[in-house]
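Presented below is the structure to which this report refers.
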Amino acid sequence: MTVMQQLSPIGLGTGRLASLGSRATSKEAFILLNNAIDHGIRVVDTADTYGSGDSERTIGNALRSRPRSDFFVITKAGLPRVALPAAFSPLNQIGKKLLLLSSPKRDFSKAYLIRSVEASLKRLRMDYVDAFLLHAARAGEPTIESWEALEIIRSRGLSRLTGVSSSDPELVRQGIATGQVLLVETPVSASARNAAEICALCSAHRVTVVGNEVLKPKHMTPEQEAKWNVLRARHGLGVTPTIHLLIAYALAQPAVGSAVIGSSSINHLLDNLKSLSFTDRLGLFEEMKDFFQ
């Protein structure tokens, strides 16, 4: 089975699942995650910094009774974080904000990455993740030992795939050249500056892309909105929600196997599945590139 076949077209982003101000209860998270998977949304995207580890804990608790083959978990590491024991986890996010102000340096050292994925697996209550990515890396930050760490992580069975989460084409190019980048997570939208270059690069090397930040632009000026409505109507899609077309646009790009959307509402998440009906609107998508850039 190829990487593309292992993914679901729509994925669930969990960046706000356990964040201060938007934290879901255990029951709410259980309902959201399990309903999503029951409706074919297998990709669950997280990171050790989301809720300072509480996102991973929430996912682990919600999915611990499901067969591991039911879902595809992506996690990431490398950004500064604070990791107090679970009982004190609400203080983590305050500590993380202070840390970012004082020392925003990323850490992609071999020891740190291996330690991070091991800690993520404990929080997730899993033996392995499906993909482990360098979080928000830029060209020049990962070193030879960073790529060695990804190889070790795969060889030890801690993650089935490794890769990068980045919007930097040069970093993606460097990672692919090492042979350690098998999956790339990157912003994919008509307004994402480097999306076309990264998707083309990944397509040429048979590397799968998971698109994030697909619902952009979130806001338009009244003049832009009026022009957008005319554009949709010209393609016979005047009543189609903009969100559905933005998701469809992302999924139609080369190498993209999944579009990750953050949501705390199962109804909104399931409604996004309707976007799969519009991924063949290539004429509209070509015009969208000019319209939103």
Fill in: Which listed residue, of L84, L33, L79, is aliphatic (A, V, I, L, M), crowded, with 18+ Cβ neighbours inside 10 Å and either at pLDDT below 90 or farther than 22 Å from S258 by Cα (or both)
L79
Practice prompt. Give the residue that is surrounded by the most Cβ atoms within 10 Å (Cβ to Cβ), with candidates limited to residues of the stretch 131-175 that are out of contact with any helix residue (DSSP H, G or I) (no Cβ under 7 Å at 6 or more places or on another chain), polar (S, T, N, Q) and assigned to a helix (DSSP H, G or I).
Written response: Q174
Worksheet item: Residues of the stretch 4-36 being in a helix (DSSP H, G or I) and either over 16 Å from the mean Cα position of the chain (by Cα) or within 19 Å of P187 (Cα to Cα) (or both), which ones?
Response: M4, Q5, S26, K27, E28, A29, F30, I31, L32, N34, N35
Discussion item. Anything in the stretch 174-211 that is without any contact (Cβ under 8 Å) to a residue 60 or more places away in the chain and of a type in the set (S, T, Y)? List them, or say none.
Written reply: T178, T186, S203
Worksheet item: Which of (1) touching a residue at least 24 places away in the same chain (Cβ under 8 Å); (2) within 30 Å of I31 (Cβ to Cβ); (3) out of contact with any strand residue (DSSP E or B) (no Cβ under 9 Å at 6 or more places or on another chain) does T242 not meet, given it meets every other one?
Response: (1)
Worksheet item: Within the stretch 176-188, how many residues are under 24 Å from N272 (Cβ atoms) and surrounded by fewer than 23 Cβ atoms within 10 Å (Cβ to Cβ)?
Response: 1
Practice prompt. State which residue is farthest from A18 (Cα to Cα) when the search covers only the stretch 233-290 and only residues that are among the aliphatic types (A, V, I, L, M) and in a loop (DSSP other than H, G, I, E, B).
Written response: L237
Worksheet, complete the sentence: Counting only residues in the stretch 87-124 that are of a type in the set (S, T, N, Q), part of a loop (DSSP other than H, G, I, E, B) and at pLDDT below 95, the one surrounded by the fewest Cβ atoms within 10 Å (Cβ to Cβ) is identified as S103
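The values are calculated or read from the model by the stated rules, or taken from the named source; none is laboratory data. Keep in mind that this is a model prediction, so the values were computed, not measured. Every residue, glycine among them, receives a Cβ derived from its backbone with ideal geometry; neighbour counts consider all protein chains shown.
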